[in-house]
Amino acid sequence: MDIKTERLYGKSYDVDKEITVTAGATQAIFTIITAFLRKDDEVIIFKPAYDCYEPAIELVGAKSVPIQLESPNFSVDWEVVKNSITPQTKMMIINSPHNPSGTIWSAADMQKLSELLEGTNILLLSDEVYEHIIFDGEQHQSASMFPKLAERAFIVSSFGKTFHITGWKLGYVVAPSALMVEFRKVHQFNVFSVHNPSQMGLAEYLKNEANYLCLPSFYQQKRDLFLAALKTSRFNIKPTQGTFFQLLEYQDISQENDVDFSQRLVKEFGIASIPISVFNTQESNMNVLRFCFAKTDETLLKAAELLCKI
Ligand SMILES: Cc1ncc(COP(=O)(O)O)c(C=O)c1O
């Protein structure tokens, strides 16, 4: 992993002191939060947000400070972020490529973030589990590429996402040694060490970088197949920039809220999706559903055919 991070992002991490293998990204995130956050600490998160952040924050008595991003671009207003920082802000959680919106943060976004956090003690949790699933020739902007971010960042990766092995529950986290020492004080007593044979298998598999460098074209082909087959549908579509999720906006089809609409799609058409409201502040409805295109081509074409009939 040290070689992979150095080759891709130009930053080397000490194998013994700065990299820890975890039972999936979820355990890494939970451990970071429990190791560093205490009662009344504030954590800035961006909504819609992946669902494992807030329960962990709540559990330790800390407070999430959500910044709601708006469809279809989900872009960040850095003035809002600046105004959300208080003396209690202990951590910020970011996620690019982003689940559920499929948007990515640019180098300019990361630079803005770097400037904003410089001179503060705010820790950064950078959830980069979709780092290898990015399209249209774009480059993943890892927090490890920005020295002022890397010095305060835990960067979380998932073999589940990268190698299509979600059920194996394997991931890893990198961070400067002073931060990793604290992480391991918790990791030591809730995991101790992750299943060794699967670590050995993955170490072998990682030797061939083609196994992860092929992912952008592998998934872009699936995204493009799905979108081409949806051309005659009545959904409004903005091609996803990263992750294996595609948002479809249905304002021209129905006035139902997204939960009702997604349930009707399951019952009447046999197609499952996730309503975006469940990831939003106060579950606000954006008339948008999230579809997963990590499927066989046959399934994608069948799904698109059904969606075109709605
Ligand atoms: C943004 C994000 N972070 C973390 C995870 C958890 O990853 P893992 O399966 O490795 O625990 C997921 C899984 O869906 C995710 O989408």
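Relative to a virtual label point 7 Å from the Cα of residue 3 in the Cα→beta-carbon direction, which members of the range 201-243 show backbone nitrogen distances below 14 Å? Answer for this model: 202-212. The simple Förster model, with R0 at 25 Å and r as the Cβ-Cβ distance, assigns residue 269 and residue 224 a FRET efficiency of 0.65. Against the compact-protein benchmark of 2.2 N^0.38 Å, the Cα-based radius of gyration of the range 139-235 scales to 1.43. Shown for the chain: the carbon plus sulfur share of the solvent-accessible area, taken with all protein chains present and a 1.4 angstrom probe, equals 52%. The range 106-215: which trypsin sites (Lys or Arg not before Pro) are DSSP loop and have at most 16 other beta-carbon atoms within 10 angstrom? Listed in order of number, the matching sites are 207. Could you please report the charge total around residue 289, scoring K, R as +1 and D, E as -1 over all other residues with beta-carbon less than 12 angstrom from its beta-carbon? For residues surrounding residue 289, the net value is -2. What the range 90-139 shows is 32 Å² of accessible area per residue, with the surface traced by a 1.4 Å probe over protein heavy atoms. Give the separation of the Cα centroids, the range 119-166 to the range 171-240, in Å. About 10 Å separates the Cα centre of the range 119-166 from the one of the range 171-240. Taken over the chain, the alpha-carbon convex hull comes to 135 cubic angstrom per residue.
Take every Cα pair under 8 Å whose residues are at least 6 apart in sequence, average their separation, divide by the length of the chain, and the relative contact order is 20 percent. Less than 11 Å from a label point 7 Å out along the Cα-to-Cβ axis of residue 40: which backbone N atoms in the range 79-99 qualify, by residue? Under cut-off, by backbone N: 88. So for the range 51-203, considering every pair of alpha-carbon atoms, how many percent are separated by more than 25 Å? For the range 51-203, the fraction of Cα-Cα distances above 25 Å is 33 percent. In order along the range 142-149, the phi-based Karplus estimate (6.51 cos²θ - 1.76 cosθ + 1.60, θ = phi - 60°) of 3J(HN,Hα) comes to 6, 4, 5, 7, 10, x, 6, 8 Hz; Gly and Pro are listed as x.
Computing FRET efficiency as 1/(1 + (r/R0)^6) for residue 207 and residue 255, where r is the C-beta to C-beta distance and R0 is 45 Å, gives about 0.25.
The values are calculated or read from the model by the stated rules, or taken from the named source; none is laboratory data. For clarity, every value in this text was computed on a predicted model and none was experimentally measured. So basically every Cβ, Gly included, is an ideal-geometry build from the backbone, and we count neighbours across all protein chains shown. For accessibility, only protein heavy atoms count, side chains too; no ligands or nucleic acids. Shrake-Rupley method; radii C 1.70, N 1.55, O 1.52, S 1.80 Å.
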